[in-house]
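The next block holds one structure in the form of structure tokens; read it before the comments.
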Amino acid sequence: MSSKSLLLCGNEALVHGALLAGCDAYFGYPITPAGEIIECAAKKFPELGRVFIQAESEIGAICMVMGAAAAGQRAMTASSGLGISLMQEAVSYLAGMEIPCVIADVMRCGPGIGNISVEQSDYFQVVKGGGHGGYRCPVIAPASAQEMCAAAFMAFELAEKYRTPVYILTDGMIGQMMESVALPEPLEKSAPAPYALAPGNARANHFTSIYLDPAEMEKKNEALLAKYREIETREQDAELWRTDDADIVLVAYGIMSRLAKNAIAELRRSGVKAGLVRPKRLFPFPKDALNALVPQTKKFFAVELSGGQMIEDVKLAIECRRPVELIHRVGGKLISVEELVAKVKAAAGTHL
């Protein structure tokens, strides 16, 4: 880390992290609650001689990302909810052509236009693929402004390691929360990858997602599936908090993981041995960490600001060997610490 710290909201921290990670180009379209990303990028990218373009739409933005990334540039975009929906066709092309890039989704309420308050209901769309064709993208889930900055480094590293789009998925609360951020040292500029359409090798390289021969299509898709299996095996990441002796385990990410820690502290003061598993990456989901806790755990709780999406991955991870209960809110309101404590006590059969 450098000695420089700034007071930044999560969205601004992401832009600073992207620039320090060597991002060459940002293409985007304004939307709340991700608006500070494009606002900060519009100022900072040109200051450093990088490319910034406000596109005519989210569709245009992701297609510009595709072109820049295919040419060997580190490129990214960001949006929220309905904007991410508009990008899905191009994300499928990016996954099929194995072009690395970074996409940030700062979640808001839905479906439809919804509202601009905090929710976590883009989980299915982002974590399970979102577009056509059965692809998967690694998904990083920051829970602080500091982690938003670090996520840019991780995202570009994963994107280039596996030649894939990578999502940074967070909620509007983390995106707009102001915190002190220690800025890391910048990465040195690297040469374009040998597969890029860069000067000198553009004619030798090409990207395609069209395979008219079924045998070739099968070969391509099996190679993609093998890559996803490798990602699932090698790239799981989770924070375990007070789980050493826990027999009640909460699973939460983003802003709800921070509230869950406060609730767990209160539960422990009441004699409930609760702990937290915070997935730091949602794909791959941290099934190994959850499985290791099954023998000691009486019950798991999926705590999320959606109607119940992450809970499906919790159940799959532990193969339903223990009860898993959903604690949720939708519409833009957080689950308070008091509400979370009461629901865990009631559902766990502990009325203290």
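Some points to look at:
- Neighbours by Cβ (under 6 Å, 6+ apart or cross-chain): first from the stretch 34-46, touching a residue at least 12 places away in the same chain (Cβ under 8 Å); second among the aromatic types (Phe, Trp, Tyr) and crowded, with 21+ Cβ neighbours inside 10 Å: 41/26; 45/26
- Residues satisfying the stated conditions in the stretch 1-42, i.e. under 24 Å from residue 86 (Cβ atoms) and in a loop (DSSP other than H, G, I, E, B): 23, 24, 29, 30, 31, 32, 33, 34
- Look at (1) surrounded by 20 or more Cβ atoms within 10 Å (Cβ to Cβ); (2) touching a Leu at 6+ places or on another chain (Cβ under 6 Å) and you find that residue 186 fails only one, number (1).
- Residue that is nearest to the chain's Cα centre (by Cα), among those in the stretch 155-198 that are closer than 21 Å to residue 284 by Cα and charged (D, E, K, R): 171
- Tallying residues that are within 19 Å of the chain's Cα centre (by Cα) and not in a helix (DSSP H, G or I) within the stretch 73-90 yields 8.
- Hey, residue 348 at pLDDT below 95 and buried (at least 18 other Cβ atoms within 10 Å of the Cβ) or not: yes
- Any pair with Cβ under 9 angstrom, 6 or more apart, that starts in the stretch 63-82 at a residue that is surrounded by fewer than 24 Cβ atoms within 10 Å (Cβ to Cβ) and ends at one that is acidic (Asp, Glu): 68/24; 72/24; 73/24; 82/58
- Residue in the stretch 332-345 that is among the basic types (Lys, Arg), under 24 Å from residue 171 (Cα atoms) and in contact with a strand residue (DSSP E or B) (Cβ under 6 Å, 6 or more places away or on another chain) present: yes
- Counted residues, the stretch 46-72 - those being touching a helix residue (DSSP H, G or I) at 6+ places or on another chain (Cβ under 7 Å) and part of a helix (DSSP H, G or I): 5
- Of all the criteria given as (1) of a type outside the set (Gly, Ala, Ser); (2) outside any helix (DSSP H, G or I); (3) more than 13 Å from the chain's Cα centre (by Cα); (4) closer than 19 Å to residue 25 by Cβ, the one not satisfied by residue 103 is (3).
- Residues being surrounded by 15 or more Cβ atoms within 10 Å (Cβ to Cβ) and among the charged types (D, E, K, R) - total across the stretch 218-229: 2
- Test result for residue 312, surrounded by fewer than 21 Cβ atoms within 10 Å (Cβ to Cβ), assigned by TED's automatic domain parsing to the domain that holds residue 271 and more than 22 Å from the chain's Cα centre (by Cα): no
- Pick from the stretch 295-316, criterion assigned to a strand (DSSP E or B) and in contact with a helix residue (DSSP H, G or I) (Cβ under 7 Å, 6 or more places away or on another chain), ranking: farthest from residue 328 (Cα to Cα): 300
- Considered as a group, the residues in the stretch 230-287 that are among the acidic types (Asp, Glu) and outside any loop (DSSP other than H, G, I, E, B) include one that is surrounded by the fewest Cβ atoms within 10 Å (Cβ to Cβ), and that residue is 230.
- Selected residue (criterion: farthest from residue 121 (Cα to Cα)) from residues of the stretch 173-191 that are touching a strand residue (DSSP E or B) at 6+ places or on another chain (Cβ under 6 Å) and small (Gly, Ala, Ser): 182
- Output for the stretch 329-344, where each listed residue is surrounded by fewer than 19 Cβ atoms within 10 Å (Cβ to Cβ) and not acidic (Asp, Glu): 330, 331, 332, 333, 334, 336, 337, 342, 343
The values are calculated or read from the model by the stated rules, or taken from the named source; none is laboratory data. Bear in mind that the values here come from a model prediction, so they are computed numbers and not experimental data. Positions of Cβ are generated from backbone atoms using ideal geometry, with glycine treated the same way; all protein chains shown enter the neighbour counts.
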